[in-house]
Amino acid sequence: WSVSLIVASLTGAFGSSFLYGYNLSVVNAPAGYIKKFYNETWVRRYGFSMDEGTLTLLWSITVSIFAIGGLVGAIIVTPIVKFFGRKCTLVLNNVFAVAAALLMSLSSLAGSFEMLILGRIIMGVDAGISLSALPMYLSEISPKEIRGSLGQVTAIFICIGVFTGQVLGLPEIFGQESRWPFLFGAIIVPALIQAVILPFLPESPRYLLLEKHNTSKAEKAFQRFLGKDDVSHEIEEVLAESRVQRNTKMVSILQLLRTRAVRWQIVTVVITMGSYQLCGLNAIWYYTNNIFSESGIKQETIPYVTLSTGAVETLAAVFSGLVIERLGRRPLLIGGFGLMVVFFGVLTVSLTLQSTVHWLPYLSIFCILAIIASFCIGPGGIPFVLTGEFFQQSQRPAAFMIAGTVNWLSNFAVGLLFPFIQAGLQTYCFLVFAGICFAGATYLFFVLPETKNKTFHEISQAFAKRNKVTLEMQEMNHYPGERKSSEEQESNFTSSADNGETKKGIV
């Protein structure tokens, strides 16, 4: 835990995953004022009020269009991180955040709800890029002993972003009709902070060594991130991988999908990411006020009750970051989904019977808080960590693109369809999400191996039998043109290191 490692993770997360979380919750508090703005704009243009169905559809599009932008960002991130690198991608990505903030904050002044919708799309592009580039960057700069904890920084800052959006949305701050544009203008602050600090930190040393073949810069980056002068062991490890990958180009999505040796890794990432979004938590974030209103909570109390959800989420994410290297990924992920099934079931009963028992609305609030805590303990951040751990360097950009595509399509589906699911199923709507959580937990119980403190070679070994390939075949699939097993390569590399070749390579 060097100073540079801490600053890189905090700055990267503040300008990236923080903004993603912030934009999930920021539309919740001013929803009524924004709908009023939409209607007034419509009346001014066409001379008559918008009907309720049109307004609901337009509002659903405003909420869910963020995910379409995210999908675009996830698709374009692969060539960007290949060309510019991980760190530079995060820095350049702030252009989208600033442009989106200006469009959304000035939409009311310009009398154009189209500007708000366009700003949401652009902000989604920023989130789509950052949610792939940031976990990639963090997984490549961290030692394997703290890779899980550092990876959880992404989830923690998503939660802090959600909580900040709720705080700023309080009536005493920006949660007023005249001030709601400031909620969107505040996005500029994290973006500018990241743009100023991140350029002074090193690029990913693995990217520099394996993709740019710049040993001297990689050595300096390792020294900064690890906080020590002697990084020969780390350089040796990555050079061994570099040697194996010498004849390997970056893998495309189609090539990755055709690689039998990673078939179950891809399936696991797709199901984990799909469950992450379809488990219903984003529905709670997008429509918290509406859910609490349906639960019988007084209108003036709702913003403060909503605030408790963000606080619980942040505390649960921090707890997960502290215990992930002790308990491992598997129990946290499966346990989190399992607890969500239980609390979704109780929430359904509570919402159904709340008109008959006066204290049941409080049980509904407890269930929502428990669902959020269960999500953040495991499912909230571990899917991003697993995507970085399942695949080696040449496959990672394509893998994150697949994961990002599933992530954002699922996000869009929830944001667009939840109001209609809620209208159709009423209090039983959350049983849909309970079913998804149960299916995800069941799959992970039978398929997911523990990846804590394991190298890529060891994780590949865990999947080899399920992929129906021998480990030797698996390595040939990963590294075409190389037929040596990793044990032979380690042996050869050690002997060359003894002869001073590695030292020359480092110099």
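The values are calculated or read from the model by the stated rules, or taken from the named source; none is laboratory data. These numbers come from a predicted model, not from an experiment. Please note: Cβ atoms are built from the backbone with ideal geometry, for glycine as well, and neighbour counts cover all protein chains shown. For accessibility, only protein heavy atoms count, side chains too; no ligands or nucleic acids. Shrake-Rupley method; radii C 1.70, N 1.55, O 1.52, S 1.80 Å.
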Going residue by residue through region 83-92, the Karplus relation 6.51 cos²θ - 1.76 cosθ + 1.60 with θ = phi - 60° gives ³J(HN,Hα) values, rounded to whole Hz and with x marking Gly or Pro, of 7, 8, x, 5, 5, 5, 4, 4, 5, 5
Roughly how big is region 11-83's charge dipole about its Cα centre, with Cβ charges of +1 (Lys, Arg) and -1 (Asp, Glu), in debye to the nearest 20? 180 debye
With the crude spin-label approximation of a point 7 Å out along Cα→Cβ, what separation in nm comes out for Thr356 versus Thr301? 2.2 nm
Note down the net charge around Pro135, summing +1 for each Lys or Arg and -1 for each Asp or Glu among other residues with Cβ under 14 Å from its Cβ. +4
R0 of 35 Å, Cβ-Cβ distance Thr442-Asn214: FRET efficiency to nearest 0.05: 0.15
The chain, relative contact order [Cα under 8 Å, separation at least 6], %: 23 percent
Mind checking which of Leu347, Ile121, Pro79 is farthest towards the positive end of the chain's charge dipole, using Cβ charges of +1 (Lys, Arg) and -1 (Asp, Glu) about the Cα centre? Pro79
What FRET efficiency comes out for Ser308 versus Ser232 if R0 is 41 angstrom and r is the Cβ-Cβ distance? Round to the nearest 0.05. 0.25
What residue among Ala398, Leu198, Leu226 has its Cα farthest toward the positive end of the dipole of the chain, where the charges are +1 on Lys, Arg and -1 on Asp, Glu, each on the Cβ? Ala398
Taking a probe of 1.4 Å and leaving out DNA, RNA and ligands, the chain shows per residue an accessible area in Å² of 40 Å²
So which GluC sites (Glu not before Pro) in region 293-322 are both in a DSSP loop and have at most 10 other Cβ atoms within 10 Å of their Cβ? Glu300
From largest accessible area down, sort Val323, Val26; use a 1.4 Å probe on the protein chains. Val323, Val26
Reviewing [x] 28.8, 97; [y] 23.7, 84; [z] 30.3, 101, the figure for Rg and Dmax of the Cα atoms in Å actually calculated from this model sits under [y]
For region 114-166 and region 33-88, write down the distance between their C-alpha centroids in whole Å. 19 Å
Nearest-0.05 FRET efficiency for Ile146 and Leu417 at R0 = 56 Å, using Cβ-Cβ distance, is 0.90
Along region 432-440, what does the Karplus equation 6.51 cos²θ - 1.76 cosθ + 1.60 (θ = phi - 60°) give for ³J(HN,Hα), rounded to whole Hz, x for Gly and Pro? 4, 5, 4, x, 5, 4, 5, 5, x
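Given charges of +1 on the Cβ of Lys and Arg and -1 on the Cβ of Asp and Glu, with all other atoms neutral, how large is the dipole of the chain about its Cα centre, in debye to the nearest 20?
Computed charge dipole of the chain: roughly 660 debye.
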Looking at Leu254, Ala373, Cys88, which one has the Cα that reaches farthest to the positive end of the dipole of the chain (charges on Cβ: Lys, Arg +1; Asp, Glu -1)? Leu254
For the chain, find the longest principal axis of its Cα atoms and tell me its angle to the long axis of helix 3-14, 0 to 90°, nearest 10. 40 degrees
Report the gain in length on full extension from Ala462 to Arg179: 0.36 nm times residue separation, minus Cα-Cα distance, nm rounded to one decimal. 96.5 nm
Nearest 20 debye, what's the magnitude of the dipole of region 254-478 about its Cα centre given +1 on Lys and Arg Cβ and -1 on Asp and Glu Cβ? 620 debye
Unsatisfied cross-links (Cα-Cα over 25 Å) in the set Lys144/Lys228; Lys212/Lys468; Lys220/Lys452; Lys87/Lys228; Lys212/Lys465; Lys87/Lys212: Lys212/Lys468; Lys220/Lys452; Lys212/Lys465
